[in-house]
Each structure stands twice: as structure tokens, then as C-alpha cells.
Amino acid sequence: MFKNAIVRKPGKNFSQGLTTSNLGVPDYKKTIEQHDAYCRALEQCGLNLTYLDANLDYPDSTFVEDTFVLTHNAAILTNPGADSRKGEVALIQPILTRFYKRFYNITSPGTLEGGDICEAGSHFFIGISYRTNEEGARQLSGFLEKEGYSSSTVDIRDIPGILHLKNGVAWLQDRTLVIIDGLKDHPAFKGWKVIQIDPEEAY
């Protein structure tokens, strides 16, 4: 299904990025080691990687997925809810033109970050969070419909411990999802096969 992946090396100021965690300051050496392991894992899955250099202007820019949502034939450029990340979108578009000719844009007052979007085959779950608002979700839903996809929203603003939807749900195959305890009874997942994660393994 997937042939390509885009990755960006963490910058030396990675620890200055946004976080909701209280686990302490990230260790840069360990961050690089883990990112390298992540890239090797993607290659072991058979993907061709496009490597982007670190960008010190945007400490969070190693999380490239927040700047776009990809479908088979079109790319949707997001409008991050965090002001410090908005400039990242313009950086990623030239890279995406290597793979896509058709683009859509999430525009203000809509905000949307890719971490809130869980693709599940022909359906997309759109998380309503403190980074993705209802207007951003509405715009994305319209673009997805034009491309032949269905979508639904999942409000996670009151779910403890997660910033983005994909911190709490992952699609496996067909209609099977892995879900944290806080989302297991959400009506958006009715009719889907749900594998519930032990609360101790939620992180």
C-alpha cells in the first residue's frame, strides 16, 4: 500500500519544541539514535525514504506528518493550531510536489494537524483537539469527500493524556483498530472491531 515516507532529522534545539509531557528535557543524542532506528524500521518495511535536513527555525518540524494529510491522488496541506508551527507547511509543499500534482489547503479560521488524522482504509477519523478545530475538520471532510473518502470526527479534548487523536488510536487493517481505554466507548468507533490497550501500555 505504501511505497514512500518523508522524514526530517531532529535539530539540536529539538528540546525547545512544544510538549504536554512532564518527563524532563529530551536527550538529543538519544533522540537521534531513536530517529535513526525509526528510519531503519521504515526501510525494513520496504519504503523509500526522502530525508530532510533538520530545521532549527522550527524545533517541532521533525514531526512532518502534522503539516499534511495524504490520499492516493491528492495532498491536503494543513494549518497547524500551534502558531509556532505554521511556517512548516510552506517548507513541506515543494517536497510533496515530487509525489502529488493536486493539492488542497486548510485555511483560517480552520486549524488542523496531521497527528489528529487517522486513516483507516477508505475512511478517515478526524480528531477535534486543541490543535484541530471544527472548521478545520469540516474543510478536510469536504476535501476527502471530493477524493472519494468518508470521514467522521472524534472529539478528544476531554480525553486525558493525549494531545492528538493518533496518540490514542491506530488502524491495523480492514475495520480493526487499536484504542486506548479513554476512547474505547466513543460512538465514532461503533461498528469497528476494537482492540483495547491495557491502560499501563497506553503511552
*asked:* Please count how many residues of the stretch 185-203 are open to solvent by less than 70 Å² (accessible area, probe 1.4 Å) and either within 24 Å of Tyr130 (Cβ to Cβ) or outside any strand (DSSP E or B) (or both).
replied: 7
*Could you tell me whether Ile6 is in contact with a Ser or Thr (Cβ under 8 Å, 6 or more places away or on another chain), over 24 Å from Ile128 (Cα atoms), buried (at least 16 other Cβ atoms within 10 Å of the Cβ) and in contact (Cβ under 8 Å) with a residue 60 or more places away in the chain?*
yes
*All but one of (1) surrounded by fewer than 20 Cβ atoms within 10 Å (Cβ to Cβ); (2) assigned to a strand (DSSP E or B) hold for Gly142; which doesn't?*
(2)
*Does the stretch 153-163 hold any residues that are without any contact (Cβ under 8 Å) to a residue 60 or more places away in the chain and crowded, with 16+ Cβ neighbours inside 10 Å, and which are they?*
Thr153, Val154, Ile156, Ile159, Ile162
*asked:* Among the listed residues Ala41, Ala75, Ala54, identify the single one that is surrounded by fewer than 16 Cβ atoms within 10 Å (Cβ to Cβ) and at pLDDT 95 or above.
replied: Ala41
*asked:* Checking the structure you have, find out if any residue of the stretch 131-151 is closer than 23 Å to Asn22 by Cα and within 19 Å of the chain's Cα centre (by Cα).
replied: yes
*Give me the pairs, please: first residue somewhere in the stretch 168-188 and among the hydroxyl-bearing types (Ser, Thr, Tyr), second residue anywhere and surrounded by 15 or more Cβ atoms within 10 Å (Cβ to Cβ) and not in a strand (DSSP E or B), beta-carbon distance under 9 Å, and either six or more positions apart or on two chains.*
Thr176/Trp192
*Sort through Gly24, Gly81 and tell me the only one that's at pLDDT 95 or above and not in a helix (DSSP H, G or I).*
Gly81
*Count of residues meeting criterion [farther than 17 Å from Ile128 by Cα, of a type outside the set (A, V, I, L, M, F, W, C) and either open to solvent by 30 Å² or more (accessible area, probe 1.4 Å) or at pLDDT below 95 (or both)] in the stretch 164-184*: 4
*Does the stretch 152-163 hold any residues that are modelled with pLDDT of 95 or more and assigned to a loop (DSSP other than H, G, I, E, B), and which are they?*
Ile156, Arg157
*For the stretch 46-68, indicate whether the set of residues that are assigned to a strand (DSSP E or B), of a type in the set (Gly, Ala, Ser), within 15 Å of Ile6 (Cβ to Cβ) and in contact (Cβ under 8 Å) with a residue 24 or more places away in the chain is non-empty.*
no
_Count of residues meeting criterion [touching a residue at least 24 places away in the same chain (Cβ under 8 Å) and either in a loop (DSSP other than H, G, I, E, B) or open to solvent by 70 Å² or more (accessible area, probe 1.4 Å) (or both)] in the stretch 94-125_ = 14
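The values are calculated or read from the model by the stated rules, or taken from the named source; none is laboratory data. Quick caveat, the model's predicted, so the values are computed rather than measured. Quick reminder, even Gly has a Cβ in these numbers, built from the backbone with ideal geometry, and neighbours come from all protein chains shown. Surface accessibility is based on the protein's heavy atoms, side chains included, excluding ligands, DNA and RNA. Shrake-Rupley method; radii C 1.70, N 1.55, O 1.52, S 1.80 Å.
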